[in-house]
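Asks: One structure, pasted below without further comment.
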């Protein structure tokens with residue numbers, strides 16, 4: 001077997017895959033850090049968006065938390081950082097989960113009252129998701145799981161329906177609000193309406 005060395009100094013076999021090394025997985029994702037020259041607006045936005053508390057803030061660095069962790073979001077002031085380039089490689093979005101549709105809808109309405117409006121709402125199949133842009137153009141997903149178990153979600157993701165459309169079926173968030181307010185069954189609301197083959201929406 002031919003062995004090569006990639007840019008990280010790791011050995012790979014002749015077909016480019018790593019050797020049979022299974023790295024120990026972390027217990028959780030700890031936090032996300034943003035670099036910005038738009039510091040105050042970013043801190044204000046993320047604090048409001050997540051209903052977060054600020055555990056530390058000075059003129060250059062802020063830590064925000066919304067659960068048991070000491071911080072989930074960090075924001076660093078870096079003077080001269082340019083605007084986000086849409087067609088550059090990098091992180092696509094950060095996603096946050098809610099326990100149910102009621103919480104997802106409530107948070108949508110609260111953000112709307114603060115002037116925060118989504119740019120995309122779609123039922124991916126495994127999740128019902130609402131997407132936003134922060135002041136720097138970083139994409140944020142808020143979601144709720146559509147299935148009660150990981151096994152059920154995985155089964156959907158191996159189905160022919162998901163193969164045809166791994167992107168989602170779009171919905172109107174105001175319609176979602178009306179359905180939840182009317183007391184419609186959560187499982188029925190979260191069941192994706194199938195539309196056949198679909199690619200990425202324009203702008204992605």
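Asks: Relative contact order for the chain: what is it in percent, counting Cα pairs under 8 Å that are at least 6 residues apart? Mind dumping the intermediate values first?
Replies: Numbers: 289 pairs, mean separation 30.2, N = 204.
It comes to 15 percent, rounded to a whole number.
Asks: Please arrange 190, 84, 22 by counting, for each residue, the other beta carbons lying within 10 Å of its beta carbon, fewest first.
Replies: Working: 190 19, 84 14, 22 6.
If I rank by nearby Cβ atoms, fewest first, I get 22, 84, 190.
Asks: Counting pairwise Cα distances across region 92-204, what percent come out greater than 25 angstrom? Intermediate values should be presented prior to the final figure.
Replies: Details: 1256 of 6328 pairs.
Of all Cα-Cα distances in region 92-204, 20 percent exceed 25 Å.
Asks: Let me ask something additional. Restricting to bridges with both residues inside the chain, how much of the DSSP beta-bridge set is antiparallel, in percent to the nearest 5?
Replies: Taking every DSSP beta bridge with both residues in the chain, the antiparallel ones total about 70 percent.
Asks: Next question, about the same structure. Please compute the contact order of region 92-204 in relative form: average sequence separation of alpha-carbon pairs under 8 Å and at least six residues apart, divided by the residue count, as a percent.
Replies: 28
Asks: When the convex hull of the Cα atoms of the chain is projected onto a plane and the area is averaged over all directions, what value comes out in nm²?
Replies: Numbers: hull surface 60.8 nm².
So the mean shadow area of the Cα hull is 15.2 nm².
Asks: Could you line up 163, 24 from fewest to most neighbouring Cβ atoms inside 10 Å? Please report the intermediate quantities before stating the final value.
Replies: Numbers: 163 10, 24 5.
Taking fewest neighbouring Cβ atoms as first place, the list is 24, 163.
Asks: Another one. Based on other C-beta atoms within 10 Å, arrange 78, 144 from fewest to most.
Replies: Arranged by neighbour count, lowest to highest, 78, 144 become 78, 144.
Asks: Taking every pair of alpha-carbon atoms in region 30-82, what share in percent sits in each 10 Å bin, from 0 to the bin with the longest distance?
Replies: 28, 58, 13, 1
Asks: Output the relative contact order of region 30-82, whole-number percent, from Cα pairs under 8 angstrom with separation of 6+ residues.
Replies: Rounded, it is 45 percent for region 30-82.
Readers should treat all values here as calculations from the given coordinates under stated rules, not as data from a laboratory. From a predicted model like this one, the values you see are computed outputs, not experimental measurements. Counting neighbours? That spans all protein chains shown, and the Cβs are built from the backbone with ideal geometry, glycine included.
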